[in-house]
1. Looking only at residues that are over 13 Å from LEU201 (Cα atoms) and hydroxyl-bearing (Ser, Thr, Tyr) in segment 49-108, which one is surrounded by the most Cβ atoms within 10 Å (Cβ to Cβ)?
2. Among ASN34, ASN45, which is the only one that is at pLDDT 80 or above and surrounded by fewer than 13 Cβ atoms within 10 Å (Cβ to Cβ)?
3. If I go through segment 176-203 residue by residue, how many of them are of a type in the set (S, T, N, Q) and buried (at least 16 other Cβ atoms within 10 Å of the Cβ)?
4. State all residues of segment 77-106 that are more than 17 Å from LEU130 (Cβ to Cβ), modelled with pLDDT of 90 or more and hydrophobic (A, V, I, L, M, F, W, C); if no residue qualifies, say none.
5. Just the residues that are in contact with a strand residue (DSSP E or B) (Cβ under 8 Å, 6 or more places away or on another chain) and within 27 Å of GLU51 (Cα to Cα), please, taken from segment 179-196.
6. Please enumerate the residues belonging to segment 183-193 that are more than 19 Å from the chain's Cα centre (by Cα) and part of a helix (DSSP H, G or I).
7. For segment 129-143, name all the residues that are touching a residue at least 60 places away in the same chain (Cβ under 8 Å) and either of a type in the set (Gly, Ala, Ser) or assigned to a strand (DSSP E or B) (or both).
8. Hey, can you tell me all the residues within segment 160-175 that are in a loop (DSSP other than H, G, I, E, B) and either free of Cβ contacts under 8 Å to residues at least 24 places away in the same chain or exposed (fewer than 14 other Cβ atoms within 10 Å of the Cβ) (or both)?
Amino acid sequence: MTAEWPEQSADPTVQPVPAAVVAAVDAADSTLQNPQTAVISLGGNLGNRLENLQGAVDALEDTPGVRVKAVSPVYETEPWGVPAGSQPGYFNAVVLIRTTLPPGSLLERAHAIEEAHSRVRAAHWGPRTLDVDIVAYQGVRSDDPVLTLPHPRAHERAFVLVPWYDVDPAAEVPGRGSVADLIPTVDRQGVQRRDDVELRLPE
């Protein structure tokens, strides 16, 4: 399914940007010149988990300079880094996008989407309504502590690798190897595909 560019976003999470930036992004959108591919991981274990993930997908598509190209199946996963049974299970998915936004602007947008879904950063491994993480951006490698690319723990996490493989079986984690080769090296226990629910590609 091919998504069309929205003429005007009704999404209240879209953050105002300078007119010159909007013009440049919109021009790149209309000509599809130099778009980059990025991989976004979504997750959440509070509230309506499916609704929150779908809201993130829709908000990404409503962002000037972003087009959602593929959405993975939904996986239910055990919380990472906390005692078993101490938190509700997560819904996780991976989204592939094409974007004319630079990584820093895409990160700002991801944080805005989280905040619009009442994300609270009270504890490092605490429960949350929504995570929107940039896993990879066009093969870029960066040690910037604000946005490390690829995500420094993506290659260790089945809840990222498994849905990523679903939408891009040939994917590579820059500097780590192929997603297909990494999946057998991680613990996939507690990562279960939910075929009874699904995320929609924006129309």
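1. By that ranking, first place goes to THR99.
2. The unique qualifying residue is ASN34.
3. Matching residues across segment 176-203 total 0.
4. Once the filter is applied, which keeps residues that are more than 17 Å from LEU130 (Cβ to Cβ), modelled with pLDDT of 90 or more and hydrophobic (A, V, I, L, M, F, W, C), segment 77-106 yields LEU96, LEU101.
5. GLY190, VAL191, GLN192, ARG193, ARG194
6. PRO184, THR185 - these are the residues of segment 183-193 that are more than 19 Å from the chain's Cα centre (by Cα) and part of a helix (DSSP H, G or I).
7. Those that are touching a residue at least 60 places away in the same chain (Cβ under 8 Å) and either of a type in the set (Gly, Ala, Ser) or assigned to a strand (DSSP E or B) (or both): ASP131, VAL132, ASP133, ILE134, VAL135, ALA136, TYR137.
8. Within segment 160-175, PRO169, ALA170, GLY175 meet the criteria.
The values are calculated or read from the model by the stated rules, or taken from the named source; none is laboratory data. Treat the numbers as computed from the prediction; the structure is a model and nothing was measured. Positions of Cβ are backbone-derived with ideal geometry, glycine not excepted, and every protein chain shown enters the neighbour counts.
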